[in-house]
Amino acid sequence: MQHQESLKLQNQLCFPLYVIAKEITGLYRPFLDELDITYPQYLVMMVLWENDGLSVNHIGEKLYLDSGTLTPLLKRLENKGFISRKRKKEDERVVEVFITEAGKALQTKACEIPAKIYKKIDATEEDWLDLKTSVMKILNKIEK
């Protein structure tokens, strides 16, 4: 009987994590629609706003995405004019990604999004920090 209890949805850690990720991502949708980007594209842009000129591989490492997933995201962002991709002169196998002027303008608009999300959820700063700390602790154990 113990074994059957372990398979109940209510006893799973993965399920509430899945649901909260899906729900929080959904909260971003209307704000990102205004900017004409998706949530995964927003993640890529945040990485580049932090460190412009990263290689595709480095972006993938930061976002836990493989190049097969990342390349189409980058192509769409490039088609929208937010980034440019260039092969490194020293090693043409390496593609670096740079923010364009339109990408910099997008950053200015995107700066308002985190505060809007915090307001929608109405959690304390301490709640957010506790949740992030717990999730990062688990993620670090998974990575080892």
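Each value in this text was obtained by applying a stated rule to the coordinates, not by laboratory testing. Please read these numbers as outputs of a predicted model, since none were measured by experiment. Note: ideal-geometry Cβ built from the backbone for every residue, glycine included; neighbour counts use all protein chains shown.
Results, tabulated for the structure shown:
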| quantity | calculated |
| --- | --- |
| Span-like helix ranges in the chain, DSSP H, alpha carbon extent 24 angstrom or more, Kyte mean at least 0.5 | 14-35 |
| GluC sites (Glu not before Pro) restricted to segment 49-108 and DSSP loop, no more than 13 other C-beta within 10 Å | 90, 92 |
| Candidate lysines - alpha carbon under 21 Å from residue 120, same-chain residues fewer than 8 apart omitted | 22, 109, 132 |
| Largest-first principal axis extents of the Cα set of the chain (Å) | 62, 35, 24 |
| Least to most buried among 66, 122 (fewest other Cβ within 10 Å first) | 122, 66 |
| Selection of chymotrypsin sites (Phe, Trp or Tyr not before Pro), segment 1-68, meeting DSSP coil and at most 15 other Cβ within 10 Å | 64 |
| Segment 30-100 shape via C-alpha gyration tensor axes, a/c threshold 1.5 | prolate |
| Exposure proxy order (Cβ contacts within 10 Å, fewest to most) of 46, 136 | 136, 46 |
| Between segment 97-144 and segment 1-26, the alpha-carbon center distance in angstrom | 23 |
